[in-house]
Amino acid sequence: MKFLDKPSRYLLFTGKGGVGKTSLSCATALSLAESGKKVLLVSTDPASNLDEVLGMELSNEAQQVKSVPTLYALNIDPEEAARQYREKIVAPYRGILPEASIRSIEEQLSGGCTVEIAAFDEFSKLIGDPSLTSKFGHIILDTAPTGHTLRLLELPSAWSGYIETSTGSTSCLGPLSGLKEQHALYTATVKKLADKDMTTIVLVSRPEDSALREAARTRNELITLGIANHFLAINGVFEKRVENDPIANAFEKRCLSALEQIPEELSSIPSGKISLLPFGLSGIDSLRAMLCEKSPIDTSFDAPRYKEPIHFTDNSLVSFVEEIESDGKGVIMTMGKGGVGKTSVASAIALNLASKGHKVHLSTTDPAAHLDLSLGESVENLTVGCIDAQKEVKDYAEEVMNTAGQDLDEAGKKLLEEDLRSPCTEEIAVFRAFAREVDKGNDGFVVLDTAPTGHTLLLLDAAESYHREVTRTMSDLPQSVKNLLPRLRDPNFSRVFIVTLPEATPVHEAARLQKDLQRAEITPFAWVVNSSLSPLTVSDPVLAAKKSEEARYINEINENYCSKFAVVPWIEYNDNLAQWLCSIIANSNECRELKR
C-alpha cells in the first residue's frame, strides 16, 4: 500500500459500514510496528470489534498487543465517555441551579450528539495533546470523526457559555456547552487533521458502487472542512482463478465494473487495492497476511477451518412474506450494519407484497441509501419515496421559529437560528418524517429501509425522549409521534428484519442491535443472512474457502441469536432491477432444497 511507503504520523480510517475499516487499520498498525515503529492503535467505534480482531481484551488504557512489543491498542468507549462528559458539565451546577434546571440540562445531554462530542473529546486528547502520545511514532484511528462531528465544532456557540444563555431549544448546543474550556485542545486537533504532512484520511471502500459513492461523499464533505489529504483503499478486490465457475465469473465482473466506474472525486487521489481474502481476519497471523503481496490463497497460513455442516432452517423470505401479508397492513423495517444489503432486502419484500395485490409504500430514512425511484413507477400497487432531509429541516426550522421563536428578542432569535443550523436539527426533522411514514402503515404496508445501526437506534431512542425535548419549543406534539413507540412495540403492526452477512463483524453487530432493540421492548421478527455463498456451488479456491467460513456464523445465529432466519444466496445483478429483486425472494428457497 502506497500510504505505508511514507506514512504520516496520524492515519485515520473511515468509510461505509462493513468495508473493513477495523481489519485494515489493524493490519496497517501491525505492519508499521513490525517495521520497527512504535504504534498506538485506537478505536472510536461504538460497535468496535477491535478486541476480536486482535484476539485480546482491550480497555480505555493503552495495552501492548501480545507478541508485538511495539504495538499498543485501546478502545474508546463512547457511552462511558458520554457519561463522564455529562457529569463534567452538570456537576458544577448541582446545588446552585434549581433541580428542574439540572434535569433540563441532563435531558439536553442525553442524545446521540453528546456521545459524538464525548468520543471526539477523548479522540482530541490523542491528537491535540502531544504529551500524551509523544512516545509513539504513529497514531492509527479505526473510525475517524464524522463530518457531522466536525460541523458541530464550527458552531460559534460551541465556545460560549451556552447553559447560562440557553433559550431551551432542542438541538446540539446543550452537548456543546462543555467545549469552552477545551477550545485550545480542539483547535490544535482540527489544525492537525488539516495538516497534510501530519494526517492522512484513509477512505476505505469495497469494489462496489454504493461503497465507492459513500467514499466520494465523505471526501467531498471533508474537503469543505479543510481536511484534504486522502488515500483510497479498496478492500476485497476479487480475481478469479478458474474459468468454469459462473459465480467466480460474476464476482469478478461486478468488481471490475465498479472499478471502471469509480466516482470522479476518487479517481484523482492515491489509491491501493487489497485482495479478497479466503479466511476471516482474527488474530495477528491473519492480519499479517492481509497486506501481503502474495496471492490471497497462498497466504492462508493454514487458517483453521470450521468443520461443522450448516444447520439450515425451513424458513425463507417467501414464508416470512406469507406470514406477514395476512394482516393486509403494517410496517416492515430492515435494520443492520451498513453494507449488508438492507435496501435490497427491503425492496424485494416490498415488490413481493405489491405483486400479490397489496398497497405498498417503500421508503428510506437512510441518507446514504439509493432506492431506485423508477421502480415505483413501473410496479402496480407500489410507490417509492425517500425522506428529503433538506426539506424536512426547512419545514421544521420554520415551525420552531414561528412557535418558540416568536416571542424572543433579537439576540434570542439569533441564538435559536444558530441552534437550528446545527446537524442535530436534521436528526429531529428526519425523526418526525420517520414517524409520519410509520403512520401510513394503517392504510397498507410501509416498508422502511432504515439507516445503519447507530442512526437507527438514535431515532428509536428518540421515541422515548422526543416528547420531553420537543415540548420545550413546540406547543403541540404531532399525533404520529405520540403513536410511534407503541406501534414499534406492537408485533402485529411492526416487523423488524435484522439483515446481516455471514461474517464475524456483521453478525456480532446484529446481535448487539437485537439486544438494544429488546431493551427498547422491540422484538425482531426475523433475521436475514444476505449474499451467502453457502447455498451455491463454487470451485474457485478463494470463494470455496469463504463458503466454508460462513458455516460457523450461520450456525452461531441459529444457536445463539435467532432460529427464525432466512439465508439469501449471493445473486448477480442482471441490469433489470425488478427481476433481480424478485430473484432475492425466490432464491431464498434454495437453502431449504439444499437441506432436504
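The values are calculated or read from the model by the stated rules, or taken from the named source; none is laboratory data. Predicted model only: the values in this text are computed from it and were never measured. Heads up, the Cβs are rebuilt from the backbone with ideal geometry, glycines too, and the neighbour counts pull from every protein chain shown. Just the protein is used for accessible areas: all its heavy atoms, side chains included, with ligands, DNA and RNA removed. Shrake-Rupley method; radii C 1.70, N 1.55, O 1.52, S 1.80 Å.
Would you point out the residue of region 38-52, among those that are modelled with pLDDT of 85 or more and open to solvent by less than 10 Å² (accessible area, probe 1.4 Å), that is nearest to the chain's Cα centre (by Cα)?
Per the criteria, the residue is SER43.
Regarding VAL190, is this residue at pLDDT 90 or above and hydrophobic (A, V, I, L, M, F, W, C)? Can you show your working first?
Details: at pLDDT 90 or above: no; hydrophobic (A, V, I, L, M, F, W, C): yes.
For VAL190, the condition - at pLDDT 90 or above and hydrophobic (A, V, I, L, M, F, W, C) - is not met.
Rundown of residues vs (1) out of contact with any strand residue (DSSP E or B) (no Cβ under 8 Å at 6 or more places or on another chain); (2) in contact (Cβ under 8 Å) with a residue 12 or more places away in the chain; (3) not hydrophobic (A, V, I, L, M, F, W, C), yes/no style:
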{"site": "HIS230", "(1), (2), (3)": "no, yes, yes"}
{"site": "ILE234", "(1), (2), (3)": "no, yes, no"}
{"site": "ASN244", "(1), (2), (3)": "yes, yes, yes"}
{"site": "ASN249", "(1), (2), (3)": "yes, no, yes"}
{"site": "GLU252", "(1), (2), (3)": "yes, yes, yes"}
{"site": "ALA258", "(1), (2), (3)": "yes, yes, no"}
{"site": "GLN261", "(1), (2), (3)": "yes, yes, yes"}
{"site": "GLY272", "(1), (2), (3)": "no, yes, yes"}
{"site": "PRO278", "(1), (2), (3)": "yes, yes, yes"}
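How many of the residues in region 332-365 are at pLDDT 90 or above and assigned to a loop (DSSP other than H, G, I, E, B)?
Selection size over region 332-365: 4.
Which one of ILE223, ILE163 is part of a helix (DSSP H, G or I), at pLDDT below 55, within 30 Å of GLU398 (Cα to Cα) and aliphatic (A, V, I, L, M)? Outline the logic, then answer.
Values: ILE223 fails: at pLDDT below 55.
Step by step, each of ILE223, ILE163 is checked, and only ILE163 is part of a helix (DSSP H, G or I), at pLDDT below 55, within 30 Å of GLU398 (Cα to Cα) and aliphatic (A, V, I, L, M).
What about ASP245, is it acidic (Asp, Glu), at pLDDT 90 or above and open to solvent by less than 10 Å² (accessible area, probe 1.4 Å)?
Taking the combined requirement at face value, the residue satisfies it.
Give ARG94, ARG83 a once-over and let me know the one that is of a type outside the set (Ser, Thr, Tyr), modelled with pLDDT of 80 or more and either surrounded by 15 or more Cβ atoms within 10 Å (Cβ to Cβ) or under 24 Å from GLU426 (Cα atoms) (or both).
When all the criteria are applied, what remains is ARG83.
Here is a yes/no grid of residues against (1) within 27 Å of the chain's Cα centre (by Cα); (2) open to solvent by 40 Å² or more (accessible area, probe 1.4 Å); (3) under 19 Å from LYS342 (Cβ atoms):
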| residue | (1), (2), (3) |
| --- | --- |
| LYS191 | yes, yes, no |
| ASP197 | no, yes, no |
| SER205 | yes, no, yes |
| GLU208 | yes, yes, yes |
| LEU212 | yes, no, yes |
| ARG217 | yes, yes, yes |
| ASN220 | yes, yes, no |
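Could you grab me the full set of residues in region 376-395 that are in contact with a Ser or Thr (Cβ under 7 Å, 6 or more places away or on another chain) and either part of a helix (DSSP H, G or I) or over 15 Å from ARG436 (Cβ atoms) (or both)? It would help to see each step written out before you state the result.
The initial filter retains those residues of region 376-395 that are in contact with a Ser or Thr (Cβ under 7 Å, 6 or more places away or on another chain), namely 376, 385-387, 393.
The answer is GLY376, VAL393.
Can you work out which of the residues in region 1-37 that are more than 26 Å from PRO130 (Cα to Cα) and of a type in the set (A, V, I, L, M) is modelled with the lowest pLDDT?
Taking the candidates together, the pick is MET1.
Output the qualifying pairs, or none if there are none: Cβ atoms under 9 angstrom, residues six or more apart or on different chains, first residue in region 1-21 and under 17 Å from PHE123 (Cβ atoms), second residue small (Gly, Ala, Ser) and open to solvent by 20 Å² or more (accessible area, probe 1.4 Å).
These pairs meet every condition: ARG9/GLY137; LYS21/GLY15.
Restricting to helices (runs of 4 or more DSSP H) lying wholly in region 49-144: which have 2 or more residues that are in contact (Cβ under 8 Å) with a residue 12 or more places away in the chain?
50-54, 78-90, 99-108, 112-128
Among residues belonging to region 105-125 that are crowded, with 18+ Cβ neighbours inside 10 Å and either over 25 Å from THR199 (Cβ atoms) or of a type in the set (S, T, N, Q) (or both), point out the one that is modelled with the highest pLDDT.
Result: SER124.
Please give the number of the condition ALA73 fails out of (1) surrounded by 21 or more Cβ atoms within 10 Å (Cβ to Cβ); (2) farther than 22 Å from ASN49 by Cα; (3) of a type outside the set (D, E, K, R).
For ALA73, the failing item is (2).
Among the residues of region 191-226, write down those that are over 30 Å from PHE279 (Cβ atoms), touching a residue at least 60 places away in the same chain (Cβ under 8 Å) and hydrophobic (A, V, I, L, M, F, W, C).
Within region 191-226, LEU193, MET198, LEU222, LEU225 meet the criteria.
Criterion first (out of contact with any strand residue (DSSP E or B) (no Cβ under 7 Å at 6 or more places or on another chain), open to solvent by 40 Å² or more (accessible area, probe 1.4 Å) and among the small types (Gly, Ala, Ser)) does GLY328 satisfy it?
Judged against the criteria, GLY328 is not a match.
Give me the pairs: first residue in region 493-510 and more than 20 Å from THR22 (Cβ to Cβ) and acidic (Asp, Glu), second residue assigned to a helix (DSSP H, G or I) and open to solvent by 20 Å² or more (accessible area, probe 1.4 Å), beta-carbon distance under 9 Å, and six or more apart or on different chains, which are they?
none
If I ask for residues that are open to solvent by 30 Å² or more (accessible area, probe 1.4 Å) and in a helix (DSSP H, G or I), which ones from region 554-571 would you list? Write out each step before concluding.
Within region 554-571, the first condition is being open to solvent by 30 Å² or more (accessible area, probe 1.4 Å), and the residues that meet it are 556, 558-561, 563-564, 571.
Hits for region 554-571 are GLU556, ASN558, GLU559, ASN560, TYR561.
Return the pair list, or none, for Cβ contacts closer than 9 Å from residues in region 517-545 that are under 15 Å from ILE584 (Cβ atoms) to residues that are among the hydroxyl-bearing types (Ser, Thr, Tyr) and part of a loop (DSSP other than H, G, I, E, B), at least 6 apart or on different chains.
Close Cβ pairs satisfying both conditions: VAL528/SER588; PRO535/SER588.
Starting from region 409-420, keep only residues that are buried (at least 16 other Cβ atoms within 10 Å of the Cβ), then list their pairs with residues that are hydrophobic (A, V, I, L, M, F, W, C) whose Cβ atoms are within a distance under 6 Å, requiring at least 6 positions of separation or different chains.
If the second residue must be hydrophobic (A, V, I, L, M, F, W, C), the pairs left are ASP419/LEU173; LEU420/ALA397.
Could you list all residues from region 8-37 that are open to solvent by 30 Å² or more (accessible area, probe 1.4 Å), within 21 Å of MET198 (Cβ to Cβ) and either assigned to a loop (DSSP other than H, G, I, E, B) or not hydroxyl-bearing (Ser, Thr, Tyr) (or both)?
ARG9, SER35, GLY36, LYS37 - these are the residues of region 8-37 that are open to solvent by 30 Å² or more (accessible area, probe 1.4 Å), within 21 Å of MET198 (Cβ to Cβ) and either assigned to a loop (DSSP other than H, G, I, E, B) or not hydroxyl-bearing (Ser, Thr, Tyr) (or both).
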